[in-house]
Amino acid sequence: MMCIYLGLGTNQNNREVNLSRCVNQLSDNSDIKVVGFSSVYETEPYGYTDQPRFLNMVVELKTQLTPLELLSLMQNIEKKLGRKKTFHWGPRAIDIDILSYRNRVINHPDLTVPHKQMHLRKFVLIPLKEVAGNFIHSESQKNINQLLSECRDKSQVTLIMNGNSLFS
């Protein structure tokens, strides 16, 4: 079974706790097996910049859930962990994005996979490369190194901690 990659981000309250609680919520779900995760990176806000810096990471998982079932589960986890709808690119306690789902291309009104802006964001590509060094973008067929070299994002992405530090 091919893996699924999720991007996690948070910039409210205790950001490390938010990421840890999110990964634990995913791990505790009997329909999901977390098989890996990246280090944690601090990043500048994207889009709306007048807000605190984010912590970001990528989680690798396996599941038999359909893409829409996984999306529903992730939205429930976001709500449980305190995410409130504000405005586009606004601050959030937790954000979970499906970056890639078993190398499929999905165009549904509620879900686009691969994530339509992942190739534009270093804060996604850097942790993704860490957990999926052989990643191939299912639409462009470019590998992770090509995506990174072509990415025009100039924002600072700073390694904060090894992902294992969240769970020790």
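Numerical summary
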{"item": "In the stretch 63-119, residue modelled with the lowest pLDDT [restricted to those that are small (Gly, Ala, Ser) and over 23 Å from residue 136 (Cβ atoms)]", "result": "90"}
{"item": "Single residue of the stretch 1-50 satisfying the filter (among the acidic types (Asp, Glu) and over 22 Å from residue 85 (Cβ atoms)) that is surrounded by the fewest Cβ atoms within 10 Å (Cβ to Cβ)", "result": "28"}
{"item": "Out of 98, 77, 144, sole residue that is under 15 Å from residue 56 (Cα atoms) and surrounded by 14 or more Cβ atoms within 10 Å (Cβ to Cβ)", "result": "98"}
{"item": "Residue count, the stretch 147-168 (criterion: surrounded by 15 or more Cβ atoms within 10 Å (Cβ to Cβ), over 20 Å from residue 21 (Cα atoms) and in contact with a strand residue (DSSP E or B) (Cβ under 9 Å, 6 or more places away or on another chain))", "result": "1"}
{"item": "Residues within the stretch 7-58 that are free of Cβ contacts under 8 Å to residues at least 60 places away in the same chain and in contact with a strand residue (DSSP E or B) (Cβ under 7 Å, 6 or more places away or on another chain), tallied", "result": "10"}
{"item": "Looking only at the stretch 112-124, and only at residues there that are in contact (Cβ under 8 Å) with a residue 24 or more places away in the chain and either more than 21 Å from residue 67 (Cβ to Cβ) or out of contact with any helix residue (DSSP H, G or I) (no Cβ under 8 Å at 6 or more places or on another chain) (or both), the one that is surrounded by the fewest Cβ atoms within 10 Å (Cβ to Cβ)", "result": "120"}
{"item": "Any pair with Cβ under 7 angstrom, 6 or more apart, that starts in the stretch 127-140 at a residue that is more than 10 Å from residue 114 (Cα to Cα) and ends at one that is among the aliphatic types (A, V, I, L, M) and assigned to a loop (DSSP other than H, G, I, E, B)", "result": "none"}
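The values are calculated or read from the model by the stated rules, or taken from the named source; none is laboratory data. Predicted model only: the values in this text are computed from it and were never measured. When we count neighbours, we look across all protein chains shown, and the Cβ atoms used for this are built from the backbone with ideal geometry, even at glycine.
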